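Data first, discussion second: the structure below is written as structure tokens.
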Amino acid sequence: MHDIHLNLYPGEFLALVGMSGGGKSTILRLIAGLEPPTAGDIQRQNGLVMRMMFQNDRLLPWLTNLDNVSFRSHDPAIVQQAKSLLTAVGLADKSDGYPVQLSGGQKQRLALARALLAKPQLLLLDEPLGALDALTRQHMQDLILDIFTKQHLSSLLITHDVNEAARMADRIVVVKDGKLAYETSGARGHHQRKLRTQRREF
């Protein structure tokens, strides 16, 4: 990575786009704290709650779908929140089942519900829709955008799909050879422009 200067603002949906190996996932892992920077620093808002979705759903196959979201909590409030999240992602009738019984799209919906349990302010998306068919992928895009809006999240999406980035993001940054090549607006860019007068960095 070279000369990376990137800001993500509250309420913004930012997409990083580029070819495999270009550095976009490395940037996300640095932001998430999964890798330490070798130079420079990453500044985060104090108390910022982040959660991450991966291309691999990373579900626990021996737990029920409800327990995958609630992490087997015995706290009634957490269990109720997990049930509400399953309803929000359209899996209320699958709560007692297991991940092996779900389709690829349903598994990613379950992973999304799990990521939302902690009520994150920032949702990091590392190509979570890359393995889905086109129709399921579009449905997941709609679901993520709906939850993004209703829960007043900020999101950083990593994708190699330019159309996906254009459809979902306020702002798109193209990453090439470990550098930020250029920036443009996505379909939600009008929303992003409205935020400019009230932005605070994370």
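The values are calculated or read from the model by the stated rules, or taken from the named source; none is laboratory data. As the structure is a prediction and not an experimental result, all values here were calculated from the model. We place every Cβ from the backbone using ideal geometry, glycine too, and count neighbours over all the protein chains shown.
Filter region 51-84 for residues that are among the polar types (S, T, N, Q) and within 20 Å of residue 124 (Cβ to Cβ); which is modelled with the highest pLDDT? Lay out the reasoning, then the answer.
First, pick out the residues of region 51-84 that are among the polar types (S, T, N, Q): 55-56, 64-65, 68, 70, 73, 80-81, 84.
Retained after the next criterion (residues that are within 20 Å of residue 124 (Cβ to Cβ)): 55-56, 68.
On the way: 55: 85, 56: 89, 68: 97.
The qualifying residue modelled with the highest pLDDT is 68.
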Checked 136, 184 against criteria (closer than 24 Å to residue 86 by Cβ, outside any loop (DSSP other than H, G, I, E, B), over 15 Å from the mean Cα position of the chain (by Cα) and modelled with pLDDT under 95); the one match is 136
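If a residue must be basic (Lys, Arg) and crowded, with 21+ Cβ neighbours inside 10 Å, how many such residues does region 104-150 contain? Please lay out each step first, then the result.
We begin by selecting, within region 104-150, every residue basic (Lys, Arg); these are 107, 109, 114, 119, 137, 150.
Imposing the further condition that a residue be crowded, with 21+ Cβ neighbours inside 10 Å reduces the set to 107, 109, 114.
Here the count works out to 3.
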Can you say whether residue 49 is more than 23 Å from residue 105 (Cα to Cα) and of a type in the set (A, V, I, L, M), as far as the supplied structure shows? yes
Take residue 160 and tell me if it is surrounded by fewer than 17 Cβ atoms within 10 Å (Cβ to Cβ) and touching a Lys or Arg at 6+ places or on another chain (Cβ under 9 Å). yes
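Here is a yes/no grid of residues against (1) of a type in the set (Phe, Trp, Tyr); (2) touching a residue at least 12 places away in the same chain (Cβ under 8 Å); (3) in a loop (DSSP other than H, G, I, E, B):
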position: 86; (1), (2), (3): no, yes, no
position: 97; (1), (2), (3): no, yes, yes
position: 109; (1), (2), (3): no, yes, no
position: 118; (1), (2), (3): no, yes, yes
position: 131; (1), (2), (3): no, yes, yes
position: 142; (1), (2), (3): no, no, no
position: 157; (1), (2), (3): no, yes, no
position: 173; (1), (2), (3): no, yes, no
Picking from 8, 34, 48, the residue that is under 18 Å from the mean Cα position of the chain (by Cα), under 18 Å from residue 120 (Cβ atoms), part of a loop (DSSP other than H, G, I, E, B) and without any contact (Cβ under 8 Å) to a residue 24 or more places away in the chain would be 34
